[in-house]
């Protein structure tokens with residue numbers, strides 16, 4: 001396995017996204033298999049989301065997917081953040097997340113939102129480092145938001 005990785009945007013095919021998500025399944029809290037059907041979700045990401053990707057040796061090792069389609073509220077929604085287990089700890093997620101935030105700012109979105117399971121302390125810490133603020137809680141799910149008007153690109 002290579003030690004280096006490259007960034008790309010919207011390069012992954014639906015099949016590559018589905019395979020990446022399958023490989024990351026157990027690292028999600030709760031696992032993705034409890035919430036989604038891989039091929040359908042991968043199709044939705046490939047066709048409707050902006051995807052910020054980390055690649056190594058032609059393998060998709062990191063993915064941040066964001067919907068930039070709520071122009072009325074000027075709010076982008078981060079729907080997925082994942083890094084393959086062997087690639088974690090290299091700041092891939094944080095760098096892809098920063099790239100996604102900069103992209104939303106460039107598109108004049110004022111806010112970003114995401115949902116995270118309250119039991120996922122690792123993900124919450126990542127989002128807090130990226131200046132997301134905890135918001136409403138619904139069961140095990142917590143909404144976090146970032147006001148891009150306060151964030152400089």
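Rundown of residues vs (1) free of Cβ contacts under 8 Å to residues at least 60 places away in the same chain; (2) in a strand (DSSP E or B); (3) in contact with a strand residue (DSSP E or B) (Cβ under 6 Å, 6 or more places away or on another chain); (4) within 17 Å of residue 65 (Cα to Cα), yes/no style:
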| residue | (1), (2), (3), (4) |
| --- | --- |
| 122 | yes, no, no, no |
| 131 | yes, no, yes, no |
| 134 | yes, yes, yes, no |
| 145 | yes, yes, yes, yes |
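For the range 87-96, name all the residues that are free of Cβ contacts under 8 Å to residues at least 40 places away in the same chain and surrounded by 21 or more Cβ atoms within 10 Å (Cβ to Cβ).
Hit for the range 87-96 is 93, nothing else.
Surrounded by fewer than 21 Cβ atoms within 10 Å (Cβ to Cβ), closer than 26 Å to residue 31 by Cβ, in contact with a helix residue (DSSP H, G or I) (Cβ under 8 Å, 6 or more places away or on another chain) and modelled with pLDDT of 95 or more: is that true of residue 84 in this structure? Quick ask: steps written out before the conclusion?
Values: surrounded by fewer than 21 Cβ atoms within 10 Å (Cβ to Cβ): yes; closer than 26 Å to residue 31 by Cβ: yes; in contact with a helix residue (DSSP H, G or I) (Cβ under 8 Å, 6 or more places away or on another chain): yes; modelled with pLDDT of 95 or more: yes.
Criteria met by residue 84.
Please go through the range 133-153 and pick out each residue that is touching a helix residue (DSSP H, G or I) at 6+ places or on another chain (Cβ under 6 Å) and surrounded by fewer than 11 Cβ atoms within 10 Å (Cβ to Cβ).
Correct list: 153 only.
Counting just the residues of the range 108-132 that are over 20 Å from residue 34 (Cα atoms) and over 16 Å from the mean Cα position of the chain (by Cα), which one comes out surrounded by the fewest Cβ atoms within 10 Å (Cβ to Cβ)?
Ranking the candidates gives 108 first.
Hey, among the residues in the range 32-81 that are in a loop (DSSP other than H, G, I, E, B) and in contact with a strand residue (DSSP E or B) (Cβ under 7 Å, 6 or more places away or on another chain), which one's surrounded by the most Cβ atoms within 10 Å (Cβ to Cβ)?
Step by step, filter the range 32-81, then rank; the result is 49.
Among the residues of the range 1-20, count how many are more than 21 Å from residue 97 (Cβ to Cβ), in contact with a helix residue (DSSP H, G or I) (Cβ under 9 Å, 6 or more places away or on another chain) and loosely packed, with under 14 Cβ neighbours inside 10 Å.
Total satisfying the criteria: 3.
Restricting attention to the range 98-107, does a residue exist that is touching a strand residue (DSSP E or B) at 6+ places or on another chain (Cβ under 9 Å), exposed (fewer than 15 other Cβ atoms within 10 Å of the Cβ) and either at pLDDT 95 or above or in a loop (DSSP other than H, G, I, E, B) (or both)?
Yes: the range 98-107 contains one or more residues that are touching a strand residue (DSSP E or B) at 6+ places or on another chain (Cβ under 9 Å), exposed (fewer than 15 other Cβ atoms within 10 Å of the Cβ) and either at pLDDT 95 or above or in a loop (DSSP other than H, G, I, E, B) (or both).
The values are calculated or read from the model by the stated rules, or taken from the named source; none is laboratory data. Note that the structure is a prediction, hence the values are computed from the model and not measured. Neighbour counts are summed over all protein chains in view; Cβ atoms, including those assigned to glycine, are modelled from backbone coordinates with ideal geometry.
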